[in-house]
Amino acid sequence: VVFRIAFDGTGFQVLHEFSATTKDATTGQLENPDGAAPLSGLADGGDGFFYGTTSQGGVDGYGVLFAIPADGSAFTVLHAFNNANGARPSAELMVAGDGKLYGTTSGGGVNSSGATTKLGTMFSIDRAGTNFTRLYSFDGASGSTPASRLLELSSGVFVGSASSGGSCGSGTLYRYSVAGDTVTGNTRCG
């Protein structure tokens, strides 16, 4: 569910209850229209809406990105992940200086040959649900399975952490530049 509660513990209210899933006979993914298994907190868009993700569900079973107003009156799926553009988001979204939402998925992506991978992605999307862009597919060398909320260092420059991959195989701290479309992962072994 998505819920709200006052800081003093009063006024608990369920704003949205995710619908039941069905298992796709071909892919084995758990699918539904509005997503399932939200694993991260909500990002306050500063526009009257909160933005979040689910790690499962959606039309392809790889999770969704959604918006919901503070009163819960209009839950809206903004994007459904399809594995190639990302799968299983588990970290909180962030609203960047350009007004877009940025986030990561712990799985999915494509390699340089165009084949689907399981290493994770970084993405951006307008708050209206338009212009979804897979910014980067992790390759293992600079990290895989990104697990943290992104931080914006300066306009278009982000940092985050990946829980595996890198030169030691134990994860990385990485830096992404929109201008250079690059990811640099840093690890320290031993």
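Distance between the 7 Å Cα→Cβ label points at Leu135 and Gln13: 3.4 nm. If the chain linking Ser155 and Ser113 were pulled fully straight, counting 0.36 nm for each residue of separation and taking away their Cα-Cα distance, it would gain 12.1 nm.
Using Stokes-Einstein with the Kirkwood hydrodynamic radius over Cα pairs, what translational diffusion coefficient do you get for the range 117-177 at 4 °C and a viscosity of 1.567 mPa s, in µm²/s rounded to a whole number? Please list the in-between numbers first.
Working: Rh = 12.0 Å.
Rounded, D is 108 µm²/s.
Stretching the chain fully between Ala70 and Ala128 yields a gain of 19.3 nm (0.36 nm per residue, less the alpha carbon separation). Panel note: the C-alpha atoms of the chain, placed on their principal axes, show extents of 49, 43, 34 Å (largest first). Mean-square fluctuations from a GNM of the chain, with a 10 angstrom spring cutoff on Cα atoms, peak among Ser137, Ser55, Ser40 at Ser40. The Cα atoms of the range 1-75 define a convex hull whose projected area, averaged across directions, is 5.2 nm².
Anisotropy class assigned to the range 65-136 is prolate, per the alpha carbon gyration tensor with a/c at or over the 1.5 cut-off and a/b larger than b/c.
Here the label points at Asp98 and Lys23, each 7 Å from Cα along the C-beta direction, are separated by 4.1 nm in the simple model. In terms of the mean number of neighbouring beta-carbon atoms within 10 Å, the peptides 17-23, 89-95, 4-10 order highest first as 89-95, 17-23, 4-10.
The figure for Leu119 is an accessible area of roughly 60 square angstrom, using a 1.4 Å probe on the protein chains alone. For the range 2-143, the carbon plus sulfur part of the accessible surface works out to 52%, probe radius 1.4 Å.
With protein chains left intact and a 1.4 Å probe, residues in the range 26-149 average 38 Å² of accessible area per residue.
Dipole of the chain computed with +1 at Lys/Arg Cβ and -1 at Asp/Glu Cβ about the Cα centre; of Gly52, Asn32, Ser148, farthest Cα towards the positive end is Ser148. Counting only Cβ charges, +1 for Lys and Arg and -1 for Asp and Glu, the dipole size of the chain around its Cα centre is about 540 debye.
The values are calculated or read from the model by the stated rules, or taken from the named source; none is laboratory data. It should be emphasised that the depicted structure is a prediction, and the values quoted were computed from it without experimental measurement. Note that each Cβ is placed from the backbone with ideal geometry, even for glycine, and that neighbours are counted across all protein chains shown. All accessible areas refer to the heavy atoms of the entire protein, side chains included, with ligands and DNA or RNA removed. Shrake-Rupley method; radii C 1.70, N 1.55, O 1.52, S 1.80 Å.
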